[in-house]
Amino acid sequence: MTPIRHNHSDADPVLDAARDCVLAVGVRRTTLTDVARRAGVSRMTLYRRWPDVSSLVGDLMTREWIAVATDAMPAGGDGTPLRTRIVEGLVAGAAAFRAHPLFRKILDVDPELLLPYVLDRRGASQDAFLGLLVTALDAGHEDGSVRPARTDLQARSLLLVVQSFTLSLRTMTDETDPELSEAAFLDELRILLERTLTP
């Protein structure tokens, strides 16, 4: 599987401006007027693409999260089994999400924005993650490094595990105890993923 790399030349100035606004004041205090001013476009230009801040922030999150996920997947071509690349990509992705400034801001200031994607429905970025995982798992089945299973069930199960570590990790860590640090939990995630995918 050839990883998709985020092309930063495809930057959208409106989404860039929205990101800057959210990082500065959070989602609830961001307005389309603020974003238009920061992007140097008219409000009507924004309204033609996004009827409200929620839809704009939804597109922003999709862009940012897909970039994190695709950038986390190790490059192939060195003979590394697909299982190893999948596991390392998922662990690196969880760490990268937790360090991402936009993710941290939303988690700290506007966590309710993430609840629908945890409790009620999948978002565009989650569907994109599943697409990446299905492609990788299919290749892992072919090279014999991944335990045979129904691919979409396997992909969805992996995403549930990684989402839990990404969203809820801070409720379990104790940074005064090295054995309960974020790094220790990410090592445990690596073990869980490796064992569930090993044939």
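Here, each number is a calculation from the coordinates, and none is a lab measurement. Please read these numbers as outputs of a predicted model, since none were measured by experiment. FYI the Cβ positions are ideal-geometry reconstructions off the backbone, even for glycines, and counts take in every protein chain you see.
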If the chain between T84 and R37 were fully extended at 0.36 nm per residue, the gain over the current Cα-Cα distance would be 12.3 nm
Count the net charge of all other residues whose Cβ sits under 13 Å from the Cβ of F103, scoring Lys and Arg as +1 and Asp and Glu as -1. +3
Sorted by Cβ neighbour density within 10 Å, fewest at the top, the residues V25, V53: V25, V53
Which parts of region 83-120 would a label at L23 reach, counting a residue when its backbone N lies under 17 Å from a point 7 Å out along Cα-to-Cβ? 96-110
Once both axes come from the Cα atoms, what is the angle between helix 182-197 and the longest principal axis of the chain, in degrees from 0 to 90, rounded to 10? 60 degrees
Once the Cα atoms of helix 82-99 and of the chain are each reduced to a long axis, what angle between those two axes, in degrees from 0 to 90 to the nearest 10, is obtained? 30 degrees
Could you order peptides 185-198, 112-125 by the average number of other Cβ atoms within 10 Å of their residues, highest first? 185-198, 112-125
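Please give the contour-minus-distance gain from A149 to L180: 0.36 nm per residue of separation, less the Cα-Cα distance, rounded to one decimal in nm.
Length difference between fully extended and current span is 7.9 nm.
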